[in-house]
Amino acid sequence: MIVRNIIRGSAGSSLQALRPTIRSFKHRSYSSSTTCMPSSSTPSSASMLGTFTNELDKIAPRFEVEGSQINVLRSPSEFYKTLKTKILNAERQIFLSTLYIGKTEHGLMSTLQQALRAKPELKLSILTDALRGTREAPNPTTAFLLAPLVSEFGSERVDVRMYHTPNLTGLRKKYIPERINEGWGLQHMKLYGVDDEIIISGANLSNDYFTDRQDRYHVFSSKEITEYFFRIHSAVSSLSFQVVPDAQLPAGFVLDWPSTNSAVSPLADPKKYIAASTSILNQLIKAQPQSVSFGSSQRNTTVYPVSQLSPLLNPDSSTELPAITTILQTLALPTFKSSSWIFTAGYFNPDPSLTSLLLSTASTSNTVITASPQANGFYGSKGVSGLLPAAYTLLSRRFLETAARAKRQDEITLKEWKKGTVNQPDGWTYHAKGLWVSLNGEKEPSISVVGSSNYTKRSYSLDLEVGTVIVTSDEGLKKRLREERDDLQNYAQEIRMDDFLKVERRVGLQVRIAMWIVEMVGGAL
């Protein structure tokens with residue numbers, strides 16, 4: 001196929017002779033120890049927050065900011081407008097990490113061109129996924145869209161990279177068709193940095209994410225946090241193929257493996273590639289000694305960048321799953337009975353460990369929000385993919401059944417988000433994911449998790465994910481987090497077991513096929 005002919009570099013002509021090297025991934029066990037608090041009196045919210053930060057300090061890097069440095073965007077259009085405005089005002093650098101950029105996003109390309117033309121010192125770095133970004137070549141692709149930027153401004157100013165999973169090599173890469181091959185892993189991080197600010201999101205860069213596909217978007221105005229994520233972006237870019245324009249090829253580009261990269265190509269030697277990536281990334285993602293204490297003057301918010309880079313780490317030292325595990329284990333303590341949480345995922349298929357942890361929390365007022373079938377991007381699709389909404393319906397039903405067996409059916413509510421019907425006028429899809437935690441009976445969240453992860457099994461084994469855990473006592477930020485959370489619930493309706501007995505909710509034998517697809521690729525969209 002065309003895509004296989006546009007990759008060159010250290011894999012060379014020996015690609016067909018390579019034997020696939022596929023690692024198996026196992027979840028690690030994490031300590032459930034937490035800081036104990038006196039039981040004789042109700043703890044303050046500050047001491048409750050300290051319980052979380054004491055444990056998170058052991059897992060991920062810690063950054064102290066003011067709550068006013070974090071802005072919460074609420075809609076796709078606001079996200080797009082904010083991103084374009086920041087790009088046009090950029091002075092030094094722009095870096096974008098995403099699964100893909102829509103192949104017809106000429107408006108975004110025009111914005112990038114305008115910024116680069118206005119500021120001769122401005123540099124642009126883009127990281128996407130090689131499988132998703134080239135699969136339709138020689139027809140228009142993400143790579144085809146981006147190549148002209150390199151042609152116009154040169155590789156010194158514009159660097160376009162495409163990550164290729166080390167899990168898909170040799171015969172497996174040769175014979176597994178496009179789309180299905182994405183089941184072996186993708187670059188799924190969403191980082192949109194401009195100078196000293198960064199947007200952390202779960203949204204990709206395409207028209208639906210700019211118009212009618214609901215996600216979450218947090219803007220961090222912090223030089224230190226932005227520089228940290230730029231180091232993550234740069235490290236993965238140095239482990240990725242480079243897009244080189246080539247007008248002589250039908251695709252218009254070639255994927256090259258530069259000699260300056262930090263490792264050999266994953267297609268040439270996956271084991272050596274993973275050994276090198278482990279050495280590079282381990283130092284970036286692990287917790288560092290900190291001298292700043294939580295709650296100091298004005299620094300009322302702690303941000304923990306968390307990463308799930310399992311395909312690139314052996315042993316796996318990723319921080320996202322340990323961080324969320326720690327949060328939920330802490331919420332299982334009797335001290336936190338007065339707390340509450342809301343968990344959301346557009347594609348509701350959480351890793352089994354998270355399902356167990358959610359059901360084990362001590363709080364009695366909790367909510368799960370997921371997409372209704374009519375807000376699922378596959379709703380109405382032809383072929384097997386059209387079965388996926390029914391598959392997710394079955395997974396939601398199984399969650400309620402599990403909650404009932406645990407006698408938590410009155411303490412955990414399942415809601416489905418619906419805003420019109422996808423592919424119809426004013427119909428939206430739902431892609432938001434994350435966690436909000438309110439403490440001590442408060443309505444406002446003090447803890448929020450936002451990022452690219454769908455919290456599925458594949459998120460914790462095959463894809464590259466990043467996000468943040470926010471722990472705050474800032475009333476303004478807590479208010480903004482509550483507004484974000486409640487705005488999503490405005491379009492969410494409670495679903496009970498009786499609803500799954502309705503004719504339109506029944507699933508047939510074909511859903512077994514869809515369930516297999518969900519396991520393979522469902523968490524990567």
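The values are calculated or read from the model by the stated rules, or taken from the named source; none is laboratory data. All values derive from a computational prediction rather than experimental measurement. Note: ideal-geometry Cβ built from the backbone for every residue, glycine included; neighbour counts use all protein chains shown. The accessibility values were calculated without ligands, DNA or RNA, using every heavy atom of the protein model including side chains. Shrake-Rupley method; radii C 1.70, N 1.55, O 1.52, S 1.80 Å.
Restricting attention to the stretch 79-95, the residues being open to solvent by 70 Å² or more (accessible area, probe 1.4 Å) and touching a strand residue (DSSP E or B) at 6+ places or on another chain (Cβ under 8 Å) number 2.
Among the residues of the stretch 438-484, those identified as farther than 18 Å from E64 by Cα, out of contact with any Gly (no Cβ under 7 Å at 6 or more places or on another chain) and among the acidic types (D, E) are E442, E444, E483, E484. Could you count how many residues in the stretch 490-513 are assigned to a helix (DSSP H, G or I), in contact (Cβ under 8 Å) with a residue 40 or more places away in the chain and loosely packed, with under 15 Cβ neighbours inside 10 Å? Of the residues in that region, 2 qualify. Taken over the stretch 143-193, the criterion of being over 26 Å from E227 (Cβ atoms), β-branched (V, I, T) and crowded, with 23+ Cβ neighbours inside 10 Å is satisfied by T165, T169. Just checking, does the stretch 280-294 include any residue being surrounded by fewer than 23 Cβ atoms within 10 Å (Cβ to Cβ), among the hydroxyl-bearing types (S, T, Y) and in a helix (DSSP H, G or I)? Looking for residues that are surrounded by fewer than 23 Cβ atoms within 10 Å (Cβ to Cβ), among the hydroxyl-bearing types (S, T, Y) and in a helix (DSSP H, G or I), one finds none in the stretch 280-294, hence no.
When each of I324, I274 is tested for being outside any loop (DSSP other than H, G, I, E, B), surrounded by 24 or more Cβ atoms within 10 Å (Cβ to Cβ) and either in contact with a strand residue (DSSP E or B) (Cβ under 6 Å, 6 or more places away or on another chain) or among the aliphatic types (A, V, I, L, M) (or both), the lone residue that passes is I324. Scanning the stretch 381-410 for residues that are of a type in the set (A, V, I, L, M) and either over 20 Å from S365 (Cβ atoms) or open to solvent by less than 30 Å² (accessible area, probe 1.4 Å) (or both) gives V384, L387, L388, A390, A391, L394, L395, L400, A403. Among the residues of the stretch 48-77, those identified as in a loop (DSSP other than H, G, I, E, B) and of a type in the set (G, A, S) are A60, S75. Residue count for the stretch 205-240 under the criterion of being in contact (Cβ under 8 Å) with a residue 60 or more places away in the chain and charged (D, E, K, R): the result is 6. Annotation note: Cβ proximity below 9 Å between a residue of the stretch 49-62 that is acidic (D, E) and a residue that is in a helix (DSSP H, G or I) and open to solvent by 20 Å² or more (accessible area, probe 1.4 Å) (sequence gap 6+ or interchain) occurs for E55/Q329.
Of the residues making up the stretch 184-207, those that are part of a loop (DSSP other than H, G, I, E, B), within 26 Å of P166 (Cβ to Cβ) and touching a helix residue (DSSP H, G or I) at 6+ places or on another chain (Cβ under 6 Å) are G185, L186. Summed over the stretch 327-370, the residues that are in a loop (DSSP other than H, G, I, E, B), of a type outside the set (G, A, S) and free of Cβ contacts under 8 Å to residues at least 40 places away in the same chain give a count of 2. Take the residues of the stretch 245-263 that are at negative phi and surrounded by 19 or more Cβ atoms within 10 Å (Cβ to Cβ): which is modelled with the lowest pLDDT? Result: A251.
If you go through the stretch 221-244 and keep only what is touching a Gly at 6+ places or on another chain (Cβ under 9 Å), open to solvent by less than 40 Å² (accessible area, probe 1.4 Å) and of a type in the set (F, W, Y), you end up with F229, F241. The residue that is surrounded by the most Cβ atoms within 10 Å (Cβ to Cβ), among those in the stretch 98-142 that are among the hydroxyl-bearing types (S, T, Y) and under 15 Å from K84 (Cα atoms), is T111.
Among the residues of the stretch 208-238, those identified as aliphatic (A, V, I, L, M) and assigned to a helix (DSSP H, G or I) are I225, I232, A235, V236.
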